[in-house]
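This is the structure, below, for whatever I ask next.
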Amino acid sequence: MSKFWSPLVKSLVPYVPGEQPKMANLVKLNTNENPFGPSPKVIEAIQSELNDSLRLYPDPEGESLRQTIAGYHNVKPEQVFLGNGSDEVLAHIFYALFQHGQPVLFPDVTYSFYPVYCGLYNIEGKTVPLTDSFEINPEDYKQPNGGIIFPNPNAPTGRYLGLEHVEAILQANFERVVVVDEAYIDFGGESSIKLVDQYPNLLVCQTLSKARSLAGLRVGFAIGHPDLIDALNRVKDSFNSYPLDRLAQAGAKAAYEDEAWFQKSCNGVISERERVTEALEGLSFEVLPSKANFVFARHKEKSGDSLSKALREQGIIVRHFNKPRISEFLRITIGTPVQNDALITGLKTL
Ligand code: PMP
């Protein structure tokens with residue numbers, strides 16, 4: 001920190017992303033990437049964009065991709081907002097759609113970027129405790145607020161909230177925007193997108209980083225009432241008019257044109273998740289029911305910290321959070337069958 005830093009930056013507490021180690025041969029189960037990789041059609045589409053057109057700016061509106069996503073989800077293109085990963089979409093949401101001056105509500109155990117955005121924009125964040133079984137209770141969201149955000153399934157717990165409960169939160173908060181962050185929805189949950197035409201206060205955020213295995217391409221989007229999308233576009237055009245480059249737009253579009261790959265990938269993750277869950281339970285872990293591409297598990301005797309360090313020594317990386325309520329847990333991304341076998345074998349030796 002030096003005299004050149006602005007006072008605003010001096011007070012920032014940034015997000016700490018999961019480790020991206022450089023060494024090969026590690027069993028990397030720490031950042032919820034999809035081990036099955038993107039559709040070959042995505043690679044082809046990106047390769048066909050590698051030409052002289054790169055001298056031109058991309059379409060600032062991402063019209064063609066928005067049409068594809070809108071068609072896929074049965075909404076209108078003007079209900080779709082694109083961003084450079086859903087992290088960027090979320091940043092714009094905090095700025096554009098939450099009533100600054102009143103607390104934004106989110107669960108006490110949740111995605112740790114939310115408090116960071118509160119800090120960035122000087123918004124008050126108020127945590128709402130999950131129940132003892134780490135579930136969101138809609139009743140707890142009946143209190144004055146400047147907006148509400150929660151992931152569904154929640155991260156890092158993996159617990160899913162049924163749509164009737166999402167609706168209960170929406171109905172209790174007609175005057176506020178409710179954001180459902182669906183980064184992990186495709187691994188067994190039901191999307192709230194089907195509710196957007198009924199609830200003008202609902203915004204659903206999704207990403208291509210997980211089920212479509214494109215974390216490196218950085219594409220996310222929000223779907224909601226066109227009025228909410230207009231607000232997000234105002235912020236986008238005051239920040240970066242071209243969040244998605246030509247390669248990202250082409251690759252993302254192709255990802256939606258290979259439904260068979262998408263289904264196979266999701267089903268592969270789901271069946272491995274069930275297998276890993278059973279194996280962990282057999283090894284004295286309590287595993288929270290997950291509808292995500294990871295499981296959240298605690299050992300009945302051994303500490304989360306010691307287990308994550310011991311696995312690391314075997315070249316297996318999982319995520320451990322040194323935070324209240326969850327320090328005994330490991331968040332384990334579902335990998336390929338071979339990676340998952342390595343995890344199970346590794347744990348058996350500890
Ligand atoms: N929301 C949640 C709940 C997440 O876990 C993540 C991934 N870390 C994101 C959003 C952001 O995903 P991305 O920026 O890759 O779209």
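The values are calculated or read from the model by the stated rules, or taken from the named source; none is laboratory data. Small disclaimer: the values here were computed from a predicted structure and weren't measured. Backbone-built Cβ (ideal geometry, glycine too); neighbour counts: all protein chains shown.
With 231, 222 as the choices, which residue is within 14 Å of the chain's Cα centre (by Cα) and either closer than 17 Å to residue 70 by Cβ or away from the ligand (no atom under 16 Å from the Cβ) (or both)? Explain how you work it out, then say what you get.
Values: 231 fails: within 14 Å of the chain's Cα centre (by Cα).
Exactly one residue qualifies, and that residue is 222.
Give the range 40-61 a look and list any residue that's aliphatic (A, V, I, L, M), out of contact with any Phe, Trp or Tyr (no Cβ under 9 Å at 6 or more places or on another chain) and surrounded by 11 or more Cβ atoms within 10 Å (Cβ to Cβ), or say none. Don't jump to the end; show me each part of the working.
If we filter the range 40-61 for residues that are aliphatic (A, V, I, L, M), which is where we start, we get 42-43, 45-46, 50, 54, 56.
Imposing the further condition that a residue be out of contact with any Phe, Trp or Tyr (no Cβ under 9 Å at 6 or more places or on another chain) reduces the set to 43, 45-46, 50, 54, 56.
43, 45, 46, 50, 54, listed by residue number.
Let me ask something else. Restricting attention to the range 172-184, and to residues there that are β-branched (Val, Ile, Thr) and without any contact (Cβ under 8 Å) to a residue 40 or more places away in the chain, which single residue is nearest to residue 110 (Cα to Cα)? Can you show your working first?
Our first condition is that a residue be β-branched (Val, Ile, Thr); within the range 172-184, this holds for 177-180.
Narrowing the set further to residues that are without any contact (Cβ under 8 Å) to a residue 40 or more places away in the chain leaves 178, 180.
Values: 178: 15, 180: 12 Å.
Taking the candidates together, the pick is 180.
Okay, next question. On the given criteria, is residue 49 in contact with a helix residue (DSSP H, G or I) (Cβ under 8 Å, 6 or more places away or on another chain), over 15 Å from residue 215 (Cβ atoms), at pLDDT 95 or above and not in a loop (DSSP other than H, G, I, E, B)?
Spelling it out, it is not the case that residue 49 is in contact with a helix residue (DSSP H, G or I) (Cβ under 8 Å, 6 or more places away or on another chain), over 15 Å from residue 215 (Cβ atoms), at pLDDT 95 or above and not in a loop (DSSP other than H, G, I, E, B).
Turning to a different aspect of this structure: Given the conditions (1) modelled with pLDDT under 95; (2) surrounded by 10 or more Cβ atoms within 10 Å (Cβ to Cβ); (3) away from the ligand (no atom under 16 Å from the Cβ), which single one is not true for residue 10?
That leaves (2) as the condition not met.
Oh, and also: Which of the residues spanning the range 113-145 are touching a residue at least 60 places away in the same chain (Cβ under 8 Å) and touching a helix residue (DSSP H, G or I) at 6+ places or on another chain (Cβ under 8 Å)?
Across the range 113-145, the qualifying residues are 113, 120.
Let me ask you something else. Pick from 130, 120, 97: which is under 17 Å from residue 324 (Cα atoms) and of a type in the set (A, V, I, L, M, F, W, C)?
Just a single option satisfies the conditions, and that option is 130.
Now for a separate question. Enumerate the pairs (first residue in the range 293-319 and surrounded by 22 or more Cβ atoms within 10 Å (Cβ to Cβ); second residue anywhere and aromatic (Phe, Trp, Tyr)) with beta-carbon separation below 7 Å, excluding pairs fewer than 6 apart on the same chain, so at least 6 apart or on different chains.
Filtered contacts from the range 293-319: 293/184; 293/187; 296/329; 297/285; 297/329.
Residues 42, 89: which one is within 16 Å of the ligand (Cβ to nearest atom), in a helix (DSSP H, G or I) and out of contact with any strand residue (DSSP E or B) (no Cβ under 8 Å at 6 or more places or on another chain)?
Details: 89 fails: out of contact with any strand residue (DSSP E or B) (no Cβ under 8 Å at 6 or more places or on another chain).
None of the other options fit; the residue is 42.
Give me the residue from the range 93-123 that is of a type outside the set (A, V, I, L, M, F, W, C) and either under 18 Å from residue 18 (Cα atoms) or within 12 Å of the ligand (Cβ to nearest atom) (or both) and, out of that set, nearest to the chain's Cα centre (by Cα). Walk me through how you get there before you give the answer.
Of the residues in the range 93-123, the ones of a type outside the set (A, V, I, L, M, F, W, C) are 95, 99-103, 107-108, 110-112, 114-115, 117, 119, 121-122.
Of the ones still in play, those that are also either under 18 Å from residue 18 (Cα atoms) or within 12 Å of the ligand (Cβ to nearest atom) (or both) are 107, 110-112, 114-115, 117.
Working: 107: 15, 110: 10, 111: 8, 112: 11, 114: 11, 115: 15, 117: 15 Å.
Only one residue tops the list, namely 111.
Please pick out the residue among 314, 249 that is within 30 Å of residue 96 (Cα to Cα) and of a type outside the set (D, E, K, R).
Values: 314 fails: within 30 Å of residue 96 (Cα to Cα).
Unique residue meeting the criteria: 249.
Rundown of residues vs (1) in contact with an Asp or Glu (Cβ under 9 Å, 6 or more places away or on another chain); (2) under 29 Å from residue 121 (Cβ atoms); (3) in contact (Cβ under 8 Å) with a residue 40 or more places away in the chain; (4) away from the ligand (no atom under 16 Å from the Cβ), yes/no style:
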residue	(1), (2), (3), (4)
243	yes, yes, yes, no
250	yes, no, yes, yes
257	no, no, yes, yes
261	no, no, yes, yes
275	no, no, yes, yes
282	no, no, no, yes
288	no, no, yes, no
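Among (1) farther than 18 Å from residue 225 by Cα; (2) away from the ligand (no atom under 15 Å from the Cβ); (3) surrounded by fewer than 18 Cβ atoms within 10 Å (Cβ to Cβ), where does residue 74 come up short?
It is condition (1) that residue 74 fails.
Give all pairs with beta carbons closer than 7 Å in which a residue from the range 2-23 that is under 21 Å from residue 112 (Cα atoms) meets a residue that is of a type in the set (Gly, Ala, Ser); count only pairs at least 6 apart in sequence or on separate chains.
12/119; 13/119; 15/112
Determine the pairs where a residue that is without any contact (Cβ under 8 Å) to a residue 12 or more places away in the chain and over 19 Å from residue 166 (Cβ atoms), located within the range 199-220, has a partner that is assigned to a loop (DSSP other than H, G, I, E, B) and near the ligand (Cβ under 7 Å from one of its atoms) with Cβ atoms under 9 Å apart, the partner being 6 or more residues away or on another chain.
These pairs meet every condition: 216/209.
So, in the range 147-192, of the ones that are in contact with a Lys or Arg (Cβ under 7 Å, 6 or more places away or on another chain) and among the small types (Gly, Ala, Ser), which residue ends up nearest to residue 256 (Cα to Cα)?
Result: 183.
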